[in-house]
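Structure, as structure tokens:
The values are calculated or read from the model by the stated rules, or taken from the named source; none is laboratory data. These numbers were taken from a predicted model, which means no experiment stands behind them. For neighbour counting, all protein chains shown are included, and Cβ atoms are generated from backbone atoms with ideal geometry for every residue, glycine included. To get the accessible areas, we keep the full protein, side chains included, count just its heavy atoms, and leave off ligands, DNA and RNA. Shrake-Rupley method; radii C 1.70, N 1.55, O 1.52, S 1.80 Å.
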Amino acid sequence: MKVRTLIERFEQFAPKSIAEPKDPVGLQLGSLDADVNKVLVTLDVRPEVVEEAISVGADLIFAHHPMMFHPARNLDLSDPQNQMYANLLQHHITVYAAHTNLDSAEGGMNDWLAEALGLTQTTGLVAGVREPTYLLSVHVQSIYADAVRLAMVGAGAGEMTRYSGASFEWNGTTWYTPLQGADPDLGPVGERNRVEELSVSAWVPASKLSAVTAAVNEVYPGGHPALEVTPLANTGHQFAMGRIGELPESMSVMAFAKHCKTVFGVDGLRVIAKDLDQQVKKVAVLGGDGGKFFKLAQQKGADVYVTGDVYYHTGHDMIAAGLPVIDPGHHIESICKPKLTTLFNQWQTQYQWPIEVVASTLNTDPFTFI
């Protein structure tokens, strides 16, 4: 099996198009056309993780954090990071990263964190990318229109706010003059001719456009349909980073902080609050470095905010604003390891992929609490 088989399925779940601008998601090293037999899922790509991949025989590392946030200045192998790249190349290991697209994906990172906290009635916290949507139109003879329509809908076209499988059609006439080598059933060469056709149209999200066009090509009589693809303004699904929801019961900031330690399996965390006895019920959570969004969390009614990497001066601003914040660290995003492993194994069973998927057993948190 090729790497791209897994990646194409994953990008239906978390399209690269919903990643934040300039986020270096996607293929990091290697080739999508490389063979894959074993996948190692990790939060970070560090030298010790690469050694683990080599030891378990993995030929694909699937990570949350991109391996290359910044380009290498040289290839001096005395630099451990450069040596890591060399080891990956030497052992033919492909590396792929899903970062903010996984953060914003529905059923992805921030839903996993909200679920771990026990939140209900969750909604998005920070408006992210609105996925582009297109109107795809195909001209086809009426006898073939249902086959084309069903192919479009079956591949993901026609999803609207309160409807599924929605399509539009209208009648028209196509005029043409056959040239030498044209299908003789469509009229004599050189003679003006016409055919009554339908135009079948449906909305298609960007992440499904290639699949829908491929489905149309497969069923269209004679192949080579003329496809009209028109971008639609102010439409498309709105993705969001972070989630905001409610705890089953109110609890104190102190009790909630202990709850975070338990569910995220951390030895220590930072609490930013004036009053540890303050009661909280509505919780905002954003994995990674989300300190700059604390005012938005407060505006949306959060009683407490969970995020990582809070800066010293931002902490002062949080106290002044009166919003308690729990900083359990960036490493809580390691929840992606069991979650992605489970997801990939479900696909492995569904599609009968000849691969093995395992989660990294290493703790890549750079901080130790003593």
>> Considering only the range 194-205, I want to know if a residue exists there that is of a type in the set (Lys, Arg) and under 30 Å from Leu43 (Cβ atoms).
In response: no
> Would you call Gly315 under 17 Å from Leu269 (Cα atoms), open to solvent by less than 30 Å² (accessible area, probe 1.4 Å), of a type outside the set (A, V, I, L, M) and in contact with an Asp or Glu (Cβ under 7 Å, 6 or more places away or on another chain)?
Replying inline: no
> Would a scan of the range 37-50 turn up a residue that is of a type in the set (A, V, I, L, M), surrounded by 15 or more Cβ atoms within 10 Å (Cβ to Cβ), more than 19 Å from the chain's Cα centre (by Cα) and at pLDDT 95 or above?
Replying inline: yes
> Filtering the range 247-271 down to residues that are part of a helix (DSSP H, G or I), touching a residue at least 40 places away in the same chain (Cβ under 8 Å) and not β-branched (Val, Ile, Thr), which residue is nearest to Asp303 (Cα to Cα)?
Replying inline: Phe256
> For Lys295, are the conditions met, namely being open to solvent by 70 Å² or more (accessible area, probe 1.4 Å), over 28 Å from the mean Cα position of the chain (by Cα) and more than 22 Å from Asn101 (Cα to Cα)?
Replying inline: no
>> Given the condition at pLDDT below 95 and surrounded by fewer than 20 Cβ atoms within 10 Å (Cβ to Cβ), answer yes or no: does some residue in the range 273-288 qualify?
In response: no
>> Is it the case, given these coordinates, that Val212 is closer than 15 Å to Val229 by Cβ, touching a strand residue (DSSP E or B) at 6+ places or on another chain (Cβ under 9 Å) and among the hydrophobic types (A, V, I, L, M, F, W, C)?
In response: yes
> Which ones in the range 61-95 are open to solvent by 80 Å² or more (accessible area, probe 1.4 Å) and under 25 Å from the mean Cα position of the chain (by Cα)?
Replying inline: Phe69, His70, Pro71
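Let's see how each residue does on (1) within 30 Å of Ser250 (Cβ to Cβ); (2) touching a residue at least 60 places away in the same chain (Cβ under 8 Å); (3) in contact with a helix residue (DSSP H, G or I) (Cβ under 6 Å, 6 or more places away or on another chain); (4) assigned to a helix (DSSP H, G or I):
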site	(1), (2), (3), (4)
Val310	yes, no, yes, no
Thr314	yes, no, yes, yes
Met318	yes, no, yes, yes
Ile332	yes, yes, yes, yes
Phe344	no, yes, no, yes
Gln348	no, no, no, yes
Val357	no, yes, yes, no
>> Could you check the range 21-36 and list, in sequence order, the residues that are open to solvent by 60 Å² or more (accessible area, probe 1.4 Å) and either modelled with pLDDT under 95 or in contact with a Leu (Cβ under 6 Å, 6 or more places away or on another chain) (or both)?
In response: Pro21, Lys22
> In this structure, is Asp111 in contact with a Lys or Arg (Cβ under 8 Å, 6 or more places away or on another chain) and not basic (Lys, Arg)?
Replying inline: yes
> Would it be correct to say that Ile244 is hydrophobic (A, V, I, L, M, F, W, C), without any contact (Cβ under 8 Å) to a residue 60 or more places away in the chain and in contact with a Gly (Cβ under 9 Å, 6 or more places away or on another chain)?
Replying inline: no
> What number goes with the only condition from (1) closer than 25 Å to Ser250 by Cα; (2) out of contact with any Phe, Trp or Tyr (no Cβ under 8 Å at 6 or more places or on another chain) that His92 does not pass?
Replying inline: (1)
>> Looking at the range 322-353 only, could you name the residues that are surrounded by fewer than 19 Cβ atoms within 10 Å (Cβ to Cβ), touching a strand residue (DSSP E or B) at 6+ places or on another chain (Cβ under 6 Å) and more than 26 Å from Pro366 (Cα to Cα)?
In response: Asn345
>> Quick check on Ser104: is it at pLDDT 95 or above, of a type outside the set (D, E, K, R) and surrounded by fewer than 21 Cβ atoms within 10 Å (Cβ to Cβ)?
In response: no
